[in-house]
Amino acid sequence: MKKITQNTTLDLLLKGLIIGLLAFAIYRQVFSKENVIELWQAFLKNFRSEQLPFLLLVLILMPLNWGLEALKWQQLTKRVMPVTYWQLYKAVLAGVTISLFTPNRVGEFGGRVLLVESKYNWPAVVAAGVGSISQMLVLISGGILGVVYFATRFLDWEWYLLESFFALGIALISLMTFCYFNIDLVIILAKRIPGIDRLRPFVRHLRVLRSYSNLDLAKALFFAFLRYATYTMQYYLILRFFNLNFPFIPAVSGIVSIFLFQTSVPLPPVMGLMARGELALLIWNNFGANEISILAATFTLFIINLSVPALIGLVFIIKTNILKSLGYEQKKHQ
């Protein structure tokens with residue numbers, strides 16, 4: 001009984017810590033901004049009948065965005081763990097919750113395993129890692145094309161810089177594509193790391209990589225592309241909601257450029273939002289856009305795509321026995 005009480009107390013403390021960190025992260029970004037009143041006024045100004053369809057479409061695409069992420073993850077976990085799509089969807093949202101206050105969204109992996117049976121924790125993490133690589137591959141590919149187009153149209157880059165950037169981008173994409181479709185080579189490389197014998201129990205979990213066929217990886221990549229297209233469209237629609245009526249192709253090139261450059265900033269999403277806001281100003285100033293509208297669009301999309309899913313994910317985490325999910329829960333008879 002004492003062990004059960006201790007486990008219950010620790011479980012509650014962990015949940016309290018998660019709630020506190022999430023509340024601080026959201027408060028810092030949503031309520032403590034110096035220009036929050038101006039951003040709110042910009043939102044209300046555009047909250048009218050002719051603009052509302054754009055906002056509604058952004059809201060509708062939010063569950064699709066994370067639903068596609070769950071489909072991608074399911075494609076990579078179906079051979080190694082019997083988990084339903086709904087369970088994976090909830091785990092994805094739990095990952096969003098933890099990622100909101102961790103650097104470079106690394107906490108997303110930890111958040112996901114909280115809603116997965118403990119014996120599948122490592123296969124789930126490995127599969128999520130492969131899924132992240134597929135998403136990164138799509139993001140970099142689209143971003144490089146977007147930067148080249150945007151720089152050609154709006155920036156005074158020298159041709160040799162543009163050609164060098166494009167050549168390096170193609171080389172990077174080619175290398176990533178090769179590594180992605182030969183992901184099991186990680187096992188061979190891991191075994192050659194000096195002193196790896198001490199980590200042999202962890203390395204053996206990488207065996208799941210051998211279960212992926214090229215078709216599995218291609219399907220995951222396809223879902224990554226669909227998700228990329230979804231949140232890119234969300235960004236474009238939120239710009240339209242704030243009456244930033246940029247031409248579609250130049251706007252998309254600017255959006256994917258922002259996504260590309262933001263990936264190089266190793267910060268939590270709440271800090272990354274500031275970086276994205278600064279990048280957005282640099283990009284959209286080429287169109288003579290209003291600064292407050294640009295920041296309001298970035299701010300609103302953060303709330304819809306990250307804050308709301310994080311709060312939903314928090315509900316799922318609260319309903320979960322964290323210690324049991326992590327494999328530390330003691331059985332009553334022990």
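General remarks:
- Odd one out for Trp66, checked against (1) buried (at least 18 other Cβ atoms within 10 Å of the Cβ); (2) in contact with a Lys or Arg (Cβ under 9 Å, 6 or more places away or on another chain); (3) touching a residue at least 24 places away in the same chain (Cβ under 8 Å); (4) within 24 Å of Lys119 (Cβ to Cβ): (4)
- A residue that is in contact with a Gly (Cβ under 9 Å, 6 or more places away or on another chain), of a type in the set (A, V, I, L, M, F, W, C) and modelled with pLDDT of 90 or more occurs somewhere in segment 63-81.
- Subset of segment 109-122 [touching a helix residue (DSSP H, G or I) at 6+ places or on another chain (Cβ under 7 Å) and surrounded by fewer than 22 Cβ atoms within 10 Å (Cβ to Cβ)]: Phe109, Gly110, Ser118, Asn121, Trp122
- Positions within segment 284-298 being in a helix (DSSP H, G or I) and either in contact with a strand residue (DSSP E or B) (Cβ under 9 Å, 6 or more places away or on another chain) or not β-branched (Val, Ile, Thr) (or both), in sequence order: Trp284, Asn285, Asn286, Phe287, Glu291, Ser293, Leu295, Ala296, Ala297
- Of all residues in segment 69-88 being aromatic (Phe, Trp, Tyr) and surrounded by fewer than 20 Cβ atoms within 10 Å (Cβ to Cβ), the one that is farthest from Phe223 (Cα to Cα): Trp86
- Contact annotation: residue pairs with Cβ atoms under 6 Å, 6 or more positions apart or on different chains, pairing a residue in segment 162-191 that is within 24 Å of Lys219 (Cβ to Cβ) with a partner that is charged (D, E, K, R), are Asp184/Arg210.
- Checking each residue in segment 143-176 for being β-branched (Val, Ile, Thr) and exposed (fewer than 14 other Cβ atoms within 10 Å of the Cβ) picks out Thr152, Ile170.
- Among the residues of segment 1-47, those that are modelled with pLDDT under 85 and either touching a Pro at 6+ places or on another chain (Cβ under 6 Å) or surrounded by fewer than 11 Cβ atoms within 10 Å (Cβ to Cβ) (or both) comprise Met1, Lys2, Thr5, Phe31, Ser32, Glu34.
The values are calculated or read from the model by the stated rules, or taken from the named source; none is laboratory data. Not measured: the values here are computed from a predicted model. Counting neighbours? That spans all protein chains shown, and the Cβs are built from the backbone with ideal geometry, glycine included.
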